[in-house]
């Protein structure tokens, strides 16, 4: 029962964060402030009911939507405080993935094994390139980019707690037969249990900040744009 509640809770959080991030990037309509219970510890002060209602009302036909600025100083402090847990979380995830890949490879045909290894290599290279580009960037991250990186952290959680998604992808890419599908489903369930064991011992912020941590040096407050001369 406890594990079922954890899975449901994580899934809801993933979709909630994605929905909130999507709202934040909208430029054509007012944006509600994120729920305090989900994002409060990583943003500015939570808005009260009247404040939210006021922010939702544009002052003119082209009024910009109200946005709560990211509390960058608090984000940096949280990342540094949780750095050991964040690093441990990433390492344990890599270990789970490596164990799953080895067990899956053992039940595949030589042709399927080659195809799977090539696909995993491409994904690993694409992820490494993306992380390197984010970490090597010079410009401060925008509020939208910060939201996107936190959302990516949680999208990985969804793949772990919802094995049907990964299973369907494996069936499609590797053309698994009925026996292989049954074995793959069981391996994915085992992977989920291992991941939930990590969640049980990892502070939630460590998960939320795992993709943002490599770019901590880009969390400086973006420079204020200079006003045109004469205005």
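The values are calculated or read from the model by the stated rules, or taken from the named source; none is laboratory data. The shown structure was predicted, so the numbers you read here are calculated from the model rather than taken from an experiment. A quick note on method: Cβ atoms are made from the backbone with ideal geometry, for glycine too, and the neighbour counts reach across all protein chains shown.
Here are the numbers for this structure:
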quantity	calculated
Condition met for residue 203 (surrounded by fewer than 16 Cβ atoms within 10 Å (Cβ to Cβ), in contact (Cβ under 8 Å) with a residue 24 or more places away in the chain and in the same structural domain as residue 141 (by TED's automatic domain parsing))	yes
Given (1) outside any helix (DSSP H, G or I); (2) surrounded by fewer than 17 Cβ atoms within 10 Å (Cβ to Cβ), number of the condition residue 68 does not satisfy	(2)
